[in-house]
Amino acid sequence: MSDVNKTIQKWHASFRKGTDFDSWGQLVEAIDEYQILARQLQKEVQKVNHCTSLTSREKSQKTLGKIATCLEMRSASLQCTQSKEEFKLEDLKKLEAIIKSILTYNKEFPFDVQPVPLRKILAPGEEENLELEEEEDAAAGAGSTEAFPQRAPGTLLPRLPSEPGMTLLTIKIEKIGLKDAGQCIDPYMTISVKDLNGVDLNPVQDTPVATRKEDTYIHFSVDVEIQRHVEKLPKGAAIFFEFKHYKPKKRFTSTKCFAFMEMDEIKPGPIVIELYKKPTDFKRKKLQLLTKKPLYLHLHQTLHKDS
């Protein structure tokens, strides 16, 4: 079997793996698989651009790029349940036959999409490899007047209905301390609740973009309603806060650092938690502090109990 056919077989297997996870409701695993495959296809498109790989035919190149776009769209639909432009699983499955016959496929692509820029999609854990220009990016972002894409408002959810004897948790994200706070573009937080294996227990929520920066702090002052009663959170669960910002040179949104709260830290009042280096380690196995400086994520917790 030729190397090209082996590559296509690997793509097909990865695609099937992702759609299987998706149909089983294992959304975290599906998103990972989709993003990894999208990245692989985009790398192939880049090679095609240099006439050194799969095929030099322009149509195959565009088809690979469009499949990557569809994988990204499905991944986005899974991450944001309120997305208006949902890309359905049954639509994605229509691409399986195209992947298998990519060398000979010459029909019109079934969806009206365009290939995305190469570096827009990053597979989980890949973005830290692109941080060599971190300082240059920060410097460029500080004084740049370039128009950046506007991020949509956040996806924060309302408080759940109260239940007798059950406790609901509201977390106010007050501020985060960062040495280069003033240079972060469109900063926001993604909040998720994970079990010990890093699997989502609640819908993931995004805050709106922070509006105020002051010295080494970015202020959010926004309430996040945890979408499960405290008593129903399993042992070992944790609440994660991922700080994200836009990188103009690379034209993608990157996770800069993360923090988390474990169940024994749920108590009313203020709490200050440490920041860790990316990539986000949802299983909490290999944690590295972001800085030795006294910079933290500042939160305030309110417990609501219906007696």
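The values are calculated or read from the model by the stated rules, or taken from the named source; none is laboratory data. Keep in mind the model is a prediction, meaning the values are calculated, not measured. Here the Cβ positions follow ideal geometry from the backbone for every residue, glycine too, while neighbour counts run over all protein chains shown. We work out accessible area using only protein heavy atoms, side chains counted, and drop any ligands, DNA or RNA first. Shrake-Rupley method; radii C 1.70, N 1.55, O 1.52, S 1.80 Å.
For V4 and E231 in the same chain, what is the full-extension length gain: residue separation times 0.36 nm, less their Cα-Cα distance, in nm?
Contour length minus the Cα-Cα distance gives 76.4 nm.
Expressed as a whole percent, the accessible surface of region 166-306 that belongs to carbon and sulfur atoms is 49, based on a 1.4 Å probe.
Sorting 100-112, 204-216 by their mean Cβ neighbour count within 10 Å, with the most densely packed peptide first, gives 204-216, 100-112. Listed by chain and number, the lysines whose alpha-carbon sits under 22 Å from that of K232, ignoring those within fewer than 8 places in the same chain, are K172, K194, K267, K283, K305.
Can you compute the FRET efficiency between D180 and T104 using 1/(1 + (r/R0)^6), with r the Cβ-Cβ distance and R0 = 51 Å? Round to the nearest 0.05. Result of the calculation: an efficiency of 0.50.
Sorting 281-289, 4-12 by average packing, meaning the other beta carbons within 10 Å per residue, from highest down gives 4-12, 281-289.
Can you give the extra length, in nm with one decimal, that the chain gains between I271 and Q114 once fully stretched, where that is 0.36 nm per residue apart less the Cα-Cα distance?
Details: separation 157, 0.36 × 157 = 56.52 nm, distance 4.52 nm.
Length difference between fully extended and current span is 52.0 nm.
In order along region 95-106, the Karplus-derived 3J(HN,Hα) couplings, from 6.51 cos²θ - 1.76 cosθ + 1.60 at θ = phi - 60°, round to 8, 4, 5, 5, 4, 5, 10, 4, 5, 10, 5, 9 Hz, and Gly and Pro are given as x. Amide H contacts under 5 Å for L95: none, restricted to partners 5 or more places along the chain or on a different chain, H placed in the peptide plane at 1.01 Å from N.
If the viscosity is 1.306 mPa s and the temperature 10 °C, what translational diffusion coefficient in µm²/s does Stokes-Einstein give for region 213-307 when Rh comes from Kirkwood over Cα pairs?
Values: Rh = 15.3 Å.
Answer, rounded: 104 µm²/s.
Couplings 3J(HN,Hα) for region 174-184, derived from phi with the Karplus relation 6.51 cos²θ - 1.76 cosθ + 1.60 (θ = phi - 60°), are 7, 6, 10, x, 9, 5, 10, 3, x, 9, 7 Hz, where x marks Gly and Pro.
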